[in-house]
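Here is the structure we will look at.
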Amino acid sequence: MTSKPPPRVPGHALLDGRSAVVTAAAGAGIGGATARRFLEEGASVVLGDAHARRLKESVAELAEEFGPERVAGLPCDVTDEDQVQALLALAAERHGSLDIVFNNAGLGGTSDLVDMTDTQWDDVMDVTLGGTFRCTRAALRRLKDQGSGGVVVNNASVIGWRAQRGQAHYAAAKAGVMALTRCSALEAADFGVRVNAVAPSLAMHPHLVKVTTPELLAELTEREAFGRYAEPWEVANVVVFLASGYSSYMTGETVSVSSRRA
């Protein structure tokens with residue numbers, strides 16, 4: 001069965017007045033879709049991305065639609081601690097507090113393990129797992145000192161559970177994101193902060209097309225129960241749920257955003 005995406009869900013002020021940070025938020029992927037959904041739900045958003053030009057374009061587009069007072073951006077390489085700190089500080093300074101952090105930055109690639117270099121392994125680990133670690137640590141330190149609660153949502157992947165050829169580094173990193181989510185959630189509960197994760201299966205966007213083959217994308221799409229890939233905004237809807245009061249009793253959880261057949 002092949003189905004079409006449903007209509008977009010309108011905003012319901014679920015994040016009204018909140019201050020959010022989204023990493024890897026430039027462009028048409030999950031980060032960009034989540035930044036838009038946060039704004040539609042009433043939040044003010046600071047976008048971070050390693051690609052300065054795309055970031056500038058994304059900030060300008062969203063600021064024109066939602067107002068410049070609610071949208072800002074700062075180039076951020078999540079492998080750089082100083083840049084991570086600057087991104088979170090901008091949100092707190094600009095909007096008076098930091099309430100939500102969505103750690104979306106990740107790096108993929110395809111290589112069988114026998115051909116994989118140390119550099120390929122290290123690069124994926126440093127961005128995908130190390131970047132999530134740095135951003136989560138910085139967020140929890142700030143939220144703990146702030147003393148008013150808050151939410152961290154990490155972007156994991158179903159590949160952290162499932163085997164796929166050529167993805168040993170990415171799968172290991174995403175499984176690490178899930179474990180990091182569970183452990184940090186127990187610690188953050190002491191000061192009223194929740195930490196959860198989403199695990200998408202296949203959300204189509206231009207960057208994904210660049211790092212995989214049409215044949216593999218067709219194969220992965222066929223495995224989905226709806227016969228189609230997810231739209232990035234469909235993943236963003238689940239991030240909004242985890243960032244909102246509707247998930248107030250959830251922490252340490254990884255929520256699968258997938259229609260893949262069992």
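How many residues are among the charged types (D, E, K, R) and over 15 Å from the mean Cα position of the chain (by Cα) if we restrict to the stretch 1-52? So the answer is 6. Is it true that Val71 is farther than 15 Å from Ile100 by Cα, under 18 Å from the mean Cα position of the chain (by Cα) and hydrophobic (A, V, I, L, M, F, W, C)? It is false that Val71 is farther than 15 Å from Ile100 by Cα, under 18 Å from the mean Cα position of the chain (by Cα) and hydrophobic (A, V, I, L, M, F, W, C). Ala60 falls short on exactly one of the conditions (1) assigned to a helix (DSSP H, G or I); (2) small (Gly, Ala, Ser); (3) without any contact (Cβ under 8 Å) to a residue 40 or more places away in the chain; (4) under 24 Å from Arg137 (Cα atoms), and that condition is (4).
Here the condition is being modelled with pLDDT of 95 or more, closer than 25 Å to Gln146 by Cβ and not in a helix (DSSP H, G or I); of Asp82, Asp77, it holds for Asp77 alone. Against the list (1) part of a helix (DSSP H, G or I); (2) open to solvent by 70 Å² or more (accessible area, probe 1.4 Å); (3) among the hydroxyl-bearing types (Ser, Thr, Tyr), the condition Ser148 fails is (1).
The values are calculated or read from the model by the stated rules, or taken from the named source; none is laboratory data. Just so it is clear, the structure is predicted and the values come from calculations on it, not from any experiment. Every residue, glycine as well, gets a Cβ built from its backbone with ideal geometry; the counts of neighbours run over all protein chains shown. Quick note on the areas: whole protein, heavy atoms, side chains included, nothing else; ligands and nucleic acids left out. Shrake-Rupley method; radii C 1.70, N 1.55, O 1.52, S 1.80 Å.
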